[in-house]
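The structure appears right after this line, and notes come after that.
The values are calculated or read from the model by the stated rules, or taken from the named source; none is laboratory data. These numbers were taken from a predicted model, which means no experiment stands behind them. Note: ideal-geometry Cβ built from the backbone for every residue, glycine included; neighbour counts use all protein chains shown. Accessible surface is based on the protein model in full, side chains and every heavy atom, while ligands, DNA and RNA are left aside. Shrake-Rupley method; radii C 1.70, N 1.55, O 1.52, S 1.80 Å.
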Amino acid sequence: MDEMKTWPEVEKVATEKRRELVLQGAAADKKISTHGGLTPAIYSLKLLNYLEVSQCPSLTKLHDDIQHLSNLQSLILCRNKLDCIPDVIGSLKSLKVLDVSVNNLKVLPEGVTRLQELTTLNVSCNSMEALPNGLSQCTKLSTINISKNRISGFPEDLCSERLDLLCTLVASDNAIVELSRDIYRLPALKVLDLSNNKLSEVPFTLSDCPKLKEINFKGNKLNDKRLEKMMNGCQTKSILDYLRGKGRHGEDSGDVDGGRSSDKKKRQQQQQKKKKKNKDEEEDDDEVEEVNKMVVRVLRVSDAPDTLNVRVSTEVKDVRPYLVCCVVRGMNLKPGNALKRFLIAQTKLHEEICEKRTIATIATHDVQLLKGPLVYEAQPPTQLKIVPLGRKEMTAVELIRHLQLEANELRKQKKRQNVTGLHKYLQLLQGKALYPCLVDAEGHVISFPPITNSEKTKIKRTTKELFLEVTSASSLQICKDVMNTLIAKMAELNKFTAEHRDEAESSEEGDIAPPDQEASADVACELTIQQVRTVDQDGNLKVVYPSKTDLSEDIPNLTVIW
């Protein structure tokens, strides 16, 4: 009983017979450190179907008694220091979601392969060198994320028809040397990310995956240099068409007649070699030209004296000190779903490179609605007023309280403790006496990171100039890395919009394309980035973005013109 009082969250779940328990952050970590682990009382909560223990570096072990939580459907153990998972986890027959990302795991127990209801497996950001054999027994798997480990290859049975629901496979930033030709056996595969590995070949059978929509092989040194160029700059469809062509031409295939026709084939190949070489060289030139269409021009501050500047106050030093900004022109958000694609991409960046906004936050504004100069400062929650996206004006305190009420209501409706949207970022502000904000010349708060932007500067389909803002509590370089990635993504989306303009135009009622639109399409997908200075209270330069060291070698598919 005394131990229960030390863990009031556990006691509340037990007495109220709740089905969700969340322990996260410094307060939970202190208890775990004091008691040498989780309280055994947790393992007696037989009704639990959602358990989350996160951001607790003192959690290094998980007791075997976890097997007693037979009704558990979601087990979230991210951002701890776990160095092993007990094999008895295979006893959790109802488990659907297992997230053990950002820990110190070197292996995953074989027991995971016995989780036949498992749909989502996330083991990213660990030190694993291999996955256990037998994952094909988890026939309901739809998402696997093993990124940022040391894995050199996939289990033999991963490319199995039994995994007919697997639609997302993320394995970036590993040491994978080979992708099986049996990849086509995954009929539901839509997203495949193998960027930054050690692949030298991509099997042409990848083109036989019927639902594949998004692939990423950047950062691999492929033997086929033309394919490597395409991976850095072309749409998935073009890449799959190229791979499909390799399959039709018989590349990487053997003689089905045991070699009897090999001499004939050699003669035919020699006759066609010169023609094919000339054709490939022409196509290579075309491909390079296509990649180079992703052009970014940088407009320097000295060339634009009316540029927006941002003054940073000293109050943000202990709150969220790092900020980079720039202005982007030429982003075409009007056709079809262009704006929607951009917003979806921004959300994805928040989830991935920004690590769910924990290390950085992106904000976008319509330049025409901004009143400069801008000030980045920190205000007390009771004084900070903003018109949040889609809401009326309120103070930060009112907004946080309103979001917390919404989160509680969502929990009741969905009968689980994890929430979506802005609600999942509330914990990032816990314990802060001041909140960071970007304020315009009229005193209006236009950005409240990491929570929301202002409705006053919201971008629309008609927006022609965007003001981009990235803030971080971690480092200036993280801000720059995120901004580099954002701009590269914008260039890619703009190029996609230009290439699919006919489709987009046909979906817009009443829009008539001008007769010279096709001729100007190449110009339309070019972006211009205007530098923005960030200065201290005395006007001394802190940072200007982009600088000569930004938008460089890490983005090979982008041509930057200064």
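Hey, among the residues in segment 354-397 that are of a type in the set (Ser, Thr, Tyr) and closer than 14 Å to LEU438 by Cα, which one's surrounded by the fewest Cβ atoms within 10 Å (Cβ to Cβ)?
Taking segment 354-397 and keeping what is of a type in the set (Ser, Thr, Tyr), we get 358, 361, 364, 376, 382, 395.
Checking which are closer than 14 Å to LEU438 by Cα leaves us with 361, 364, 376.
Working: THR361: 26, THR364: 21, TYR376: 24.
Per the criteria, the residue is THR364.
Just give me the residues in segment 300-319 being part of a loop (DSSP other than H, G, I, E, B) and either of a type in the set (S, T, N, Q) or modelled with pLDDT of 90 or more (or both), in sequence order. It would help to see each step written out before you state the result.
Restricting attention to segment 300-319, the residues satisfying the condition of being part of a loop (DSSP other than H, G, I, E, B) are 300, 304-308, 313, 319.
Passing the criteria: THR307, SER313.
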Legend entry - Residue that is within 24 Å of GLU352 (Cβ to Cβ), over 20 Å from the mean Cα position of the chain (by Cα) and not in a loop (DSSP other than H, G, I, E, B), where the choices are ILE176, ILE144, ILE183: ILE183
Inset, instruction - Within segment 20-35, identify whether any single residue is surrounded by fewer than 18 Cβ atoms within 10 Å (Cβ to Cβ), farther than 26 Å from LYS356 by Cβ and of a type outside the set (Val, Ile, Thr), and answer yes or no. - result: yes
Inset, instruction - Go through segment 22-43 and give me each residue that's in contact with a helix residue (DSSP H, G or I) (Cβ under 7 Å, 6 or more places away or on another chain) and among the small types (Gly, Ala, Ser). - result: GLY25, ALA41
Legend entry - In segment 115-139, the residues that are open to solvent by 50 Å² or more (accessible area, probe 1.4 Å) and touching a Lys or Arg at 6+ places or on another chain (Cβ under 8 Å): GLN116, GLU117, GLU129, GLN137
Inset, instruction - Determine if segment 61-84 includes at least one residue that is among the β-branched types (Val, Ile, Thr), in contact with a Leu (Cβ under 6 Å, 6 or more places away or on another chain) and buried (at least 19 other Cβ atoms within 10 Å of the Cβ). - result: no
Legend entry - One residue from ASP87, ASP83 being under 18 Å from ASP29 (Cα atoms) and in contact (Cβ under 8 Å) with a residue 12 or more places away in the chain: ASP83
Inset, instruction - Within segment 190-234, count every residue that is among the charged types (D, E, K, R), under 23 Å from the mean Cα position of the chain (by Cα) and part of a helix (DSSP H, G or I). - result: 2
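What number of residues within segment 334-358 satisfy the criterion of being outside any helix (DSSP H, G or I) and either under 8 Å from the mean Cα position of the chain (by Cα) or under 18 Å from ILE459 (Cα atoms) (or both)? Even if it seems obvious, please write down each step before you answer.
In the first step, residues of segment 334-358 are kept if they are outside any helix (DSSP H, G or I); the result is 334-337, 352-358.
Cutting the leftovers down to either under 8 Å from the mean Cα position of the chain (by Cα) or under 18 Å from ILE459 (Cα atoms) (or both) gives us 334-337, 352-355.
Result for segment 334-358: 8.
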Inset, instruction - Return the pairs, sorted by first residue and then second, in which the second residue is open to solvent by less than 70 Å² (accessible area, probe 1.4 Å), the first residue lies in segment 52-70 and is of a type in the set (Asp, Glu), the beta carbons are less than 6 Å apart, and the residues are 6+ apart or on different chains. - result: GLU52/VAL22; GLU52/ILE76; ASP64/PRO86; ASP64/VAL88; ASP65/TYR43
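What strands (runs of 3 or more DSSP E) completely inside segment 1-90 contain at least 1 residues that are farther than 26 Å from LYS106 by Cβ? Break it down into steps so the answer makes sense when it comes.
Numbers: elements: 20-24, 50-54, 74-76.
Where strands (runs of 3 or more DSSP E) fall fully within segment 1-90 and carry at least 1 residues being farther than 26 Å from LYS106 by Cβ, they are 20-24, 50-54.
Give the number of residues within segment 503-550 that are modelled with pLDDT of 50 or more and of a type in the set (D, E, K, R).
7
Restricting the search to segment 7-30, which residues are farther than 22 Å from GLU117 by Cβ and within 32 Å of the chain's Cα centre (by Cα)?
Passing the criteria: GLU9, LEU23, GLN24, GLY25, ALA26, ALA27, ALA28, ASP29, LYS30.
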Legend entry - Filter result (under 12 Å from THR364 (Cα atoms), of a type outside the set (Asp, Glu), outside any strand (DSSP E or B) and at pLDDT 90 or above) within segment 432-456: LYS456
Legend entry - Which numbered condition TYR50 fails, given (1) under 27 Å from the mean Cα position of the chain (by Cα); (2) surrounded by fewer than 16 Cβ atoms within 10 Å (Cβ to Cβ); (3) within 23 Å of LEU95 (Cβ to Cβ): (2)
Inset, instruction - Would you check if there is a residue in segment 96-106 being under 26 Å from the mean Cα position of the chain (by Cα), surrounded by fewer than 17 Cβ atoms within 10 Å (Cβ to Cβ) and within 28 Å of GLY36 (Cα to Cα)? - result: yes
Inset, instruction - Kindly check whether there is at least one residue in segment 180-193 that is of a type in the set (Ser, Thr, Tyr), free of Cβ contacts under 8 Å to residues at least 60 places away in the same chain and closer than 21 Å to ASP224 by Cβ. - result: yes
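Within segment 373-403, track down each residue that is without any contact (Cβ under 8 Å) to a residue 12 or more places away in the chain and not in a loop (DSSP other than H, G, I, E, B).
Hits for segment 373-403 are MET394, GLU398, ARG401, HIS402.
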Legend entry - Output for segment 183-206, where each listed residue is open to solvent by less than 10 Å² (accessible area, probe 1.4 Å) and out of contact with any Ser or Thr (no Cβ under 9 Å at 6 or more places or on another chain): LEU199, VAL202, LEU206
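Results for (1) modelled with pLDDT under 95; (2) of a type outside the set (D, E, K, R); (3) over 26 Å from ILE144 (Cβ atoms), shown as yes or no for each residue.
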residue: TRP7; (1), (2), (3): yes, yes, yes
residue: ALA14; (1), (2), (3): yes, yes, yes
residue: LYS31; (1), (2), (3): yes, no, yes
residue: ALA41; (1), (2), (3): yes, yes, yes
residue: SER44; (1), (2), (3): yes, yes, yes
residue: SER58; (1), (2), (3): yes, yes, yes
residue: VAL100; (1), (2), (3): yes, yes, no
